[in-house]
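Novice: Have a look at this one.
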Amino acid sequence: KAQIGGRLAAAEQQQDSGQAQAEALAAMAAVDDGRQWEYKFPPGSLKEVKVEGMTEKQLKGFLEEEGVPTRGLEDLEDYQAKAKQVQDRKKAEMQQTHGPFTTGQMRGWNAQGFLNRTILVRQVGTETFYNSDNIDLEEMLA
């Protein structure tokens, strides 16, 4: 019983901590300044996989890593076709400019670590994209 009580207390403490973090992120995101932002991925940031040289097992692993269901795929050609489809979709997504997003949204995502990868970001209405590796994104969104 003592072990169960300790586990329950630890779980409640973790839940309180998670709730406090979620509330802090929501408060940060709620503070908006009217600016809007766009981002895109720099050229070459997609690691392309050569599906032609992969085995069926490797392709299945690749698709599962990408969160793509493999039910109904029957042979190597099916797996290759699906993997190429996934890569084409990701490539198209990587070439798009995403946005506009509010400053609050961008702050929230940055605080949660979603923008920890290299992105190019700009304020809507400006020409220049800034590489997040060369700027302090938190400061830019302040």
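The values are calculated or read from the model by the stated rules, or taken from the named source; none is laboratory data. Keep in mind that this is a model prediction, so the values were computed, not measured. Neighbour counts run over all protein chains shown; Cβ positions are idealised from the backbone, glycine included.
Novice: Among the residues of the stretch 42-68, count how many are assigned to a loop (DSSP other than H, G, I, E, B) and surrounded by 12 or more Cβ atoms within 10 Å (Cβ to Cβ).
Specialist: 7
Novice: Residues to consider are Asp78, Asp88; find the one that is at pLDDT 95 or above and not in a strand (DSSP E or B).
Specialist: Just one listed residue meets the conditions, Asp78.
Novice: Among all residue pairs at least 6 apart or on different chains, which show Cβ distances below 6 Å where the first residue, located in the stretch 54-79, is among the polar types (S, T, N, Q) and the second is part of a helix (DSSP H, G or I)?
Specialist: Thr70/Lys60; Thr70/Leu63
Novice: Whether any residue in the stretch 114-132 is over 27 Å from Glu65 (Cβ atoms), loosely packed, with under 14 Cβ neighbours inside 10 Å and of a type in the set (Asp, Glu) is what I want to check.
Specialist: yes
Novice: What is the number of the single condition among (1) in contact with a Ser or Thr (Cβ under 6 Å, 6 or more places away or on another chain); (2) of a type outside the set (A, V, I, L, M, F, W, C); (3) assigned to a loop (DSSP other than H, G, I, E, B) that Arg71 does not meet?
Specialist: Failing condition for Arg71: (1).
Novice: Can you name the residue in the stretch 96-142 that is among the small types (Gly, Ala, Ser) and more than 16 Å from the chain's Cα centre (by Cα) and, of all such residues, is farthest from Gln36 (Cα to Cα)?
Specialist: Of everything passing the filter in the stretch 96-142, Ala142 is farthest from Gln36 (Cα to Cα).
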